[in-house]
Amino acid sequence: MKRQTGDILFQAESTYADLLLRKGVKLRLLESLVFVVGMLLASGYFDTRTTTFKILAFAIAIAVVGLSPFVYKAVLRPRYTLTKTHLIISLAGKEREIPLSEVEPLIEGRHIYKLNGKNESLMVSREFLTHLNERLSYFRKKGKR
């Protein structure tokens, strides 16, 4: 459902730093898997006790951790939109609209939230998370009245 511009309170796209620091569990597991595959391939070509292998292992680790946010940004194209009543998450062209009543921060000041009963990491800036927390506190105060 397309929202009118007046409904949007804040909109943000994930930056390199957001993707590097606020990855979810699935993305971290994928990175680990890519690293293990890289190490297995390298061990097939080089003796594991050589300095060359150790330097290559270090290079693989830096490449996986350092380049993965570029790949995530190109593939996932993460975009987050906060409206008066919903949080809209767009990943890989798929848009999810979550009512703010179904959004709950798990740890204050962190990027992990409970969305529709599932724990998820929001790969977005602190500024966006601040706006989201303010809106959520508004909803909690409104619900207590």
Quiz prompt | First in region 43-66 and free of Cβ contacts under 8 Å to residues at least 12 places away in the same chain, second anywhere and in a loop (DSSP other than H, G, I, E, B), Cβ under 8 Å, 6 or more apart | solution = Thr52/Phe46; Phe53/Phe46; Phe53/Asp47
Quiz item: Do you know which residues across region 86-145 are in contact (Cβ under 8 Å) with a residue 24 or more places away in the chain and under 12 Å from the mean Cα position of the chain (by Cα)?
Solution: Ile89, His111, Glu120, Ser121, Leu122, Met123, Val124, Ser125
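Pick from region 48-74 the residues that are of a type outside the set (S, T, N, Q) and farther than 18 Å from Leu33 by Cα: which of them is farthest from the chain's Cα centre (by Cα)?
In this case the residue turns out to be Arg49.
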Self-check item: Among (1) part of a helix (DSSP H, G or I); (2) surrounded by 13 or more Cβ atoms within 10 Å (Cβ to Cβ), the one test that Leu67 misses
Solution: (2)
Quiz item: Here are some residues: Arg126, Arg96. Which one is modelled with pLDDT of 90 or more and in contact with a strand residue (DSSP E or B) (Cβ under 9 Å, 6 or more places away or on another chain)?
Solution: Arg96
Exercise. Just give me the residues in region 1-28 being over 13 Å from the mean Cα position of the chain (by Cα) and either modelled with pLDDT of 90 or more or surrounded by 11 or more Cβ atoms within 10 Å (Cβ to Cβ) (or both), in sequence order.
Key: Arg3, Asp7, Ile8, Leu9, Phe10, Gln11
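The values are calculated or read from the model by the stated rules, or taken from the named source; none is laboratory data. Everything quoted here is computed from the prediction, not taken from an experiment. Glycine also receives a Cβ, built like all others from the backbone with ideal geometry; neighbour counts cover every protein chain displayed.
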